[in-house]
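Following: one structure in structure tokens, then a few remarks.
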């Protein structure tokens, strides 16, 4: 275990244990961790040196205000050698950048973090640099959206300005679908942070497989280490129903893709830190969908660790402290995750994954909700998953076959749920799980 010469890394938010413990463990192998969170630690206790309860989003308060994030961080820095700041939660990326700047430690600039966090700013910066991305317009009313869609040409995609995990993203194939889709996106964007609440994006639909790439940047040098192939479902929405990482994927070394990715980060002003970029592979080449100033969610970096042996938590700690990350592959296999959704909105009665766990190659089969919980599908809610499965194999075809077999053996008993009740199967609206 390398504790980085006694240095401390501040961690903003910790998330759900089922999704984030592996990252926290990797971080803890590189540095002593101090958690800054709205809640006292629970599962994190064995992995951290200490914690402070504060409001991580309240990073605009001046240092003398003892309730603010900056004041909390400076109190830690008065007693410990703080070498970096980390967050893997989308909602805290600007706060983490502001904190790194205030403490004088490596990390994304505030401007770079804002350019990633605000999808309008992202589109404008990438467009100004002439990089491949969808045509777009920023609108605030249904009438403006209608004009933008006519100008771009149907089909189009509506997207909230500041949400993650494809929440509120809707495909619109024709004018008569626009009003209903606009209402879904409006509802999603109002549930997000006030800084990005106004307006939505109308974008050209670009066709092709979608991938994501996690990477470390140091001094402007872009170093990708995890390329995942994405599985989408529940059209006209873009629910991310699965991901797959193959250590032997030839696309990981594609020079054209690397040039586009590096240029996109340069255009956004992202020179140091760690990012998760989503790309469509189209007939005209790779098209940038978005760049996120944090590691990927949905356990994608964990799949990368299974497939290649590269530990994303350690890489994130190294990026935060300015150390040279060890991105050397130590494994050569394929890993995939499949999220299971109910056939309709429902109240869960029972989940059985025993059969799924018995399929050779399945590493994990885990329920994400409990009996009595309500799970809803789009458009009423997003990320309405009741379980996930993780499998490893020698190649992508074998991995998908294993996940198919395991999915077929999962059993969900439920009662139809028409209205009322609070959904429990949906992730917190801003946590990129």
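The values are calculated or read from the model by the stated rules, or taken from the named source; none is laboratory data. Remember, it's a predicted structure, so these values are computed and weren't measured experimentally. Here the Cβ is made from the backbone with ideal geometry for all residues, glycine too, and neighbour counts use every protein chain on show.
Miscellaneous remarks
- The residue that is farthest from residue 9 (Cα to Cα), among those in segment 101-132 that are under 21 Å from the mean Cα position of the chain (by Cα) and without any contact (Cβ under 8 Å) to a residue 40 or more places away in the chain, is 121.
- Count of segment 229-246 residues which are outside any strand (DSSP E or B) and surrounded by 20 or more Cβ atoms within 10 Å (Cβ to Cβ): 1
To keep it simple, each residue is scored yes or no on (1) more than 30 Å from residue 7 (Cβ to Cβ); (2) without any contact (Cβ under 8 Å) to a residue 60 or more places away in the chain; (3) not assigned by TED's automatic domain parsing to the domain that holds residue 252.
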position: 312; (1), (2), (3): no, no, no
position: 371; (1), (2), (3): yes, yes, yes
position: 377; (1), (2), (3): yes, no, yes
position: 382; (1), (2), (3): yes, no, yes
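- Residue 95 vs. criteria in the same structural domain as residue 38 (by TED's automatic domain parsing) and either on the phi < 0 side of the Ramachandran plot or buried (at least 16 other Cβ atoms within 10 Å of the Cβ) (or both): yes
- All told, residue 383 falls short of being at pLDDT 95 or above and within 22 Å of residue 303 (Cβ to Cβ).
- Within the set 256, 229, the sole residue that is closer than 15 Å to residue 210 by Cβ and not assigned by TED's automatic domain parsing to the domain that holds residue 96 turns out to be 229.
- Segment 339-360, subset closer than 15 Å to residue 409 by Cβ and surrounded by 19 or more Cβ atoms within 10 Å (Cβ to Cβ), residue farthest from the chain's Cα centre (by Cα): 359
- Residue in segment 292-301 that is farther than 30 Å from residue 120 by Cβ, in contact (Cβ under 8 Å) with a residue 60 or more places away in the chain and touching a helix residue (DSSP H, G or I) at 6+ places or on another chain (Cβ under 7 Å) present: no
- Of all positions in segment 277-285, none carries a residue that is touching a strand residue (DSSP E or B) at 6+ places or on another chain (Cβ under 8 Å), under 21 Å from residue 16 (Cβ atoms) and assigned by TED's automatic domain parsing to the domain that holds residue 245.
- Among residues of segment 3-34, those that are crowded, with 20+ Cβ neighbours inside 10 Å, outside any helix (DSSP H, G or I) and within 18 Å of the chain's Cα centre (by Cα), counted: 5
- For segment 204-222, the set of residues classified as touching a helix residue (DSSP H, G or I) at 6+ places or on another chain (Cβ under 9 Å) and in a strand (DSSP E or B) consists of 204, 211, 212, 213, 214, 215, 216, 217, 218, 221, 222, listed by residue number.
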